[in-house]
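Trainee: Pasting in a structure now, in structure tokens, and then I'll have a few things to ask.
The values are calculated or read from the model by the stated rules, or taken from the named source; none is laboratory data. Keep in mind that what you see is a predicted model, and the values were worked out from it rather than measured. In this analysis, Cβ positions are derived from the backbone assuming ideal geometry, glycine residues included, and neighbour counts consider all displayed protein chains. Protein only, heavy atoms only, side chains kept; ligands, DNA and RNA dropped before computing areas. Shrake-Rupley method; radii C 1.70, N 1.55, O 1.52, S 1.80 Å.
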Amino acid sequence: MKLKRFLALLLSALMLTSMLASCGGDDDEEEEEEEVDKGAIIDMYFGQKPDDFDPTVFATNSDKYQITSLLYEGLVTINEKGKVEKLGASEWDYEIDEREDELKLTIKLASKKWSDGISVRADDYVYAWRKILAPSNDNPAAALLYPIKNAKKVKSGEVTADIGVRAINESTLEIFFESKEADVEYFIRCLASPMLVPLREDKADKEDWSNQLNYLVTNGPFVIKSMSDDRIMVERSNHYNALRADQPIDKHVKPYRINIHFVDEQTAIDMYNSDNIAEKYFYVGEFSKDTYSKNKDNIKTHSDLTTYTYYFNTENEILSSAETRKALSGALDRNEIAKIRGNGAEAATGLVPTGVKHSGSKDEFRSKAGNVLKYDGAKVAKKGSVTLIYNADRSYEKEIAEYAKKQWDALGVKTSIKGVASNEIDDIIKSGEFDVIGADIVSLTDDAFGFVVPFGVEYSGTFVDVTNPDVFYNPHFTGYVNEELNKKIKTISELTEKKSKERAQLLIDAEKMIMADAPVAPLFFEKANYMASKDLSKFEVDYRGAKNFTKAKLKNYEDINIAKEEAELAAEAAEAGASK
């Protein structure tokens, strides 16, 4: 009897387990069905693929920050209207610390997480900033951190002491300043720089970490899932803004995936105009001169605070003369060069581009500084030959180089031109092994300071050989040194908030001084152009033209997702069949 009862109970238990498993299976199927609708998959064309994804590495290609801005975010940002907005910071306060008798800024971090679920800690900012300030680092963004106690001395190799930034706990940063009268509000604006974001030491300490997916954790809205030569696939970070389990998956980031393509512009335009939703691009962010002209009426333009420039090596025998450099710069018609570039590019009238505000005001810097690129009458002091290096991955740079060669040959400076791959440009500039080289000067901040400050020797941020006891600082990549300018930039960097008007005028004076010596020849002000489908909406633009797609919406994305996924499966099947 007991055996029969045991068997009955066992059978009942097995049946119940089976029923529960069946119910669980239905739930799983429902969950799988729900997972299909994760959000929009948006195909885009962004321009050049970055050489690396380390946002703290100095780059002379403005395209990089269009992409890294999707992956990382710092303590604050500056919106299109010039207002500071909190991101990684939840609040801050500053006062004179009675114990230390120093000005102290305390920043409380917002609840944020890295893409692998680990919390963003105050130590992550400390690590990233120390990395920028390492003497071995070539990065003009170091100057943005110089108001911090010991920062400038550490960068120069003068001292090995710790800088005045510490994490007093996981969510609180304390920053001590060199001066008790430091302009803290301006320093906070500088923290919006795309280079001053946090990094995880356990990942960023690995060799080549910034191109390896297993080390590439990010704290922004998206994380890279795959990459190839012609495409990067980024997906919503499920931990962005410390998403809670009880919140919908798209609470903070609406799109599920963004496919960033790197193809030629005409292919991108064809995809954009395609009636086939399976292959359609809904955003195009780069144009050749031809594609820009044909689609001009549908293109929206923003300043991206970038100036395309020729760097002169002032240590070159021929180019050591300011008169020669001014003659070479003056021989170049900026309006003609802007036409060669196309894309709405604006002829340069100075080093600082339009879009940059006059310090402490709503006016534009250029409207106050005027045109400082007038070199009428300048003559070549010594004739000879130079090599002009350009980015061969940008077709317009070759055309501009050919134009410059023609003008300079006519002055008696025989010019040869040489195209190199985009990933070589930064290394060549940092090495100083060039005569003339073309590159973007990318804004470090939202005002003129980030453009002029690297030309001061103490503020250049270039590599310092700590084994040489006689050298604390090295000049700008051009080798340019002007002691009067050094003093002016030092004064600018040490001014207090109460002297904002004086600071604004000094920035104008500093730019005029740089342009009078012409270590660089600004050619045109670049623009951030884009064309978005009427079905794509709700994305924002920041002060430097970078796009925020966290709230982006794509109409009928469910049907589009299915079509795109079916097309990818068909392509994979065809490829597999062809390989047999």
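Trainee: Straight-line reach from residue 406: which aspartates and glutamates have a Cα under 18 Å away, not including same-chain ones fewer than 8 places off?
Mentor: The reachable aspartates and glutamates, counting only those whose Cα sits under 18 Å from residue 406, are 333, 336, 397, 435.
Trainee: Give the separation of the Cα centroids, segment 380-456 to segment 112-175, in Å.
Mentor: Spelled out, the Cα-based centre of one part sits 32 Å from the other.
Trainee: I've got another one for you. At 1.4 Å probe size, with every protein chain present, just tell me what the per residue accessible area of the chain comes to in Å².
Mentor: Working: 26630 Å² over 580 residues.
Value for the chain: 46 Å² per residue.
Trainee: Which of the aspartates and glutamates could a cross-linker bridge to residue 203, judged by Cα under 19 Å and excluding same-chain residues fewer than eight apart?
Mentor: 51, 52, 54, 73, 116, 123, 124, 170
Trainee: Where the accessible area of segment 87-233 is counted over protein heavy atoms with a 1.4 Å probe, how much of it, in %, is carbon and sulfur?
Mentor: Numbers: 2490 of 6120 Å².
After summing per-atom areas, the C and S share lands at 41 percent.
Trainee: Using alpha carbon centroids, what distance separates segment 529-568 and segment 472-491, in Å?
Mentor: With segment 529-568 and segment 472-491 each reduced to a Cα centre, they are spaced 45 Å.
Trainee: Considering only the chain, what is the antiparallel percent among its DSSP beta bridges, to the nearest 5? Write down the numbers at each step before the final one.
Mentor: Working: 58 of 76 bridges.
The answer is about 75 percent antiparallel.
Trainee: So, with a 1.4 angstrom probe, what is the percent of accessible area on segment 423-511 that is carbon and sulfur?
Mentor: Working: 1740 of 3660 Å².
Within segment 423-511, the accessible surface is 47 percent carbon and sulfur.
Trainee: While we're looking at this one, here's another question. Compare 51, 427 by solvent-accessible area with a 1.4 Å probe and give them largest first, with all protein chains kept in place. Walk me through the numbers on the way to the answer.
Mentor: Values: 51 75, 427 100 Å².
The ranking, largest first, comes out as 427, 51.
Trainee: Among the lysines, select those whose C-alpha is under 18 Å from the C-alpha of residue 405, and discard any that sit fewer than 8 residues away in the same chain.
Mentor: List returned: 326, 339, 379, 382, 383, 414, 418.
Trainee: Another question, if that's okay. I need the phi-derived Karplus couplings for segment 554-569: 6.51 cos²θ - 1.76 cosθ + 1.60, θ = phi - 60°, integer Hz, Gly and Pro marked x.
Mentor: With coefficients 6.51, -1.76 and 1.60, one gets 10, 5, 6, 5, 4, 5, 5, 4, 4, 5, 5, 5, 5, 5, 5, 4 Hz.
Trainee: Okay, moving on. Can you compute the modelled spin-label distance between residue 570 and residue 206, with each label point 7 Å from Cα toward Cβ, in nm?
Mentor: 3.8
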